[in-house]
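*Asks:* I have a structure here, written as structure tokens, and I will follow up with some questions on it.
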Amino acid sequence: MKTKLQLSKNVTLNKPDEKRQGMKVRLVVTGHDAKGRAVFVRDEQVDGMPIPGLGELAFLWNANEPATYPNAGNNPAAPGIFPPLGGIRFVIGTYLPGDFIAPEPTPEMHLEDGDELGRANAGFHRTDTTDFGVVLSGNLALQLDDGAEVSLAPGDVLIENGTRHRWRVVGNVPATMASFIIGAHRH
């Protein structure tokens, strides 16, 4: 069965000429009741969180360890953007047009000399994660450390395997991507 991705009902984005109102994502969660039967436990709007140098992130599910079932369907709400080994993050990000996307680095981001904000390689980083991304709207370019670059359009999928990279929005409208991030082990 083929399904069509419909962004309009679940993710609300600003039009470029509108005043910024923020990203809102509808999140529906299932779980188990006391008898182990499936139930809907949550149906809510999640607001995007502004991240300077990046855009907005809506944190939808953050866990630092694998789930066990049955459970009540509560979000573990683990802190941080990047998970540890065995952890997961599910986020939707809206990225702003401009130069390379370069948020303030976090401890989980491995940087090399020159990758700092304001430097020639600003935005380059690697994390100990496997990232699965689906572009929902707009266009993104992913650049690798050797200068190789690929453009991604709505519906394109990227699997990023802990490599050094950086992002930029292609064009003059924001780009939105859903990402599922899994903590990995680096030797």
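The values are calculated or read from the model by the stated rules, or taken from the named source; none is laboratory data. This is a predicted model, so every value here is computed, not measured. Because the Cβ atoms are built from the backbone with ideal geometry, glycine has one as well, and the counts that use them run over all protein chains shown. Please note that ligands, DNA and RNA were not included when accessible areas were found on the heavy atoms of the full protein model with its side chains. Shrake-Rupley method; radii C 1.70, N 1.55, O 1.52, S 1.80 Å.
*Asks:* Given the conditions (1) more than 15 Å from A184 (Cα to Cα); (2) over 14 Å from the mean Cα position of the chain (by Cα), which single one is not true for E65?
*Replies:* The failed condition is (1).
*Asks:* Follow-up. Would you check which residues across the range 126-136 are surrounded by 19 or more Cβ atoms within 10 Å (Cβ to Cβ) and assigned to a strand (DSSP E or B) and list them? Show your work before the answer.
*Replies:* The first filter runs over the range 126-136 and keeps only residues surrounded by 19 or more Cβ atoms within 10 Å (Cβ to Cβ), leaving 126-127, 129, 131, 133, 135-136.
Within the range 126-136, R126, T129, D131, G133, V135, L136 qualify.
*Asks:* Test D115 against the criterion of being among the acidic types (D, E) and part of a loop (DSSP other than H, G, I, E, B), and give yes or no.
*Replies:* Numbers: among the acidic types (D, E): yes; part of a loop (DSSP other than H, G, I, E, B): yes.
In short, yes.
*Asks:* Next question, about the same structure. Identify, please: which residue in the range 79-91 is under 14 Å from the mean Cα position of the chain (by Cα) and either part of a loop (DSSP other than H, G, I, E, B) or of a type in the set (G, A, S) (or both) and is, among those, nearest to A184 (Cα to Cα)?
*Replies:* P83
*Asks:* Which residues, counting only those in the range 78-98, are without any contact (Cβ under 8 Å) to a residue 40 or more places away in the chain, more than 18 Å from G162 (Cα to Cα) and open to solvent by less than 70 Å² (accessible area, probe 1.4 Å)?
*Replies:* The one that is without any contact (Cβ under 8 Å) to a residue 40 or more places away in the chain, more than 18 Å from G162 (Cα to Cα) and open to solvent by less than 70 Å² (accessible area, probe 1.4 Å): A78.
*Asks:* Still on this structure, I have one more. Would you point out the residue of the range 27-46, among those that are open to solvent by 70 Å² or more (accessible area, probe 1.4 Å) and touching a Leu at 6+ places or on another chain (Cβ under 8 Å), that is farthest from A58 (Cα to Cα)?
*Replies:* Restricting to residues being open to solvent by 70 Å² or more (accessible area, probe 1.4 Å) and touching a Leu at 6+ places or on another chain (Cβ under 8 Å), the top hit is D43.
*Asks:* Shifting gears a bit: Give me the pairs: first residue in the range 111-132 and without any contact (Cβ under 8 Å) to a residue 12 or more places away in the chain and over 19 Å from G93 (Cα atoms), second residue among the basic types (K, R) and open to solvent by 70 Å² or more (accessible area, probe 1.4 Å), beta-carbon distance under 9 Å, and six or more apart or on different chains, which are they?
*Replies:* D113/R119
*Asks:* Which ranges mark the strands (runs of 3 or more DSSP E) fully within the range 138-187 that have 2 or more residues being open to solvent by less than 60 Å² (accessible area, probe 1.4 Å)?
*Replies:* It comes to 140-144, 157-161, 165-169, 175-183.
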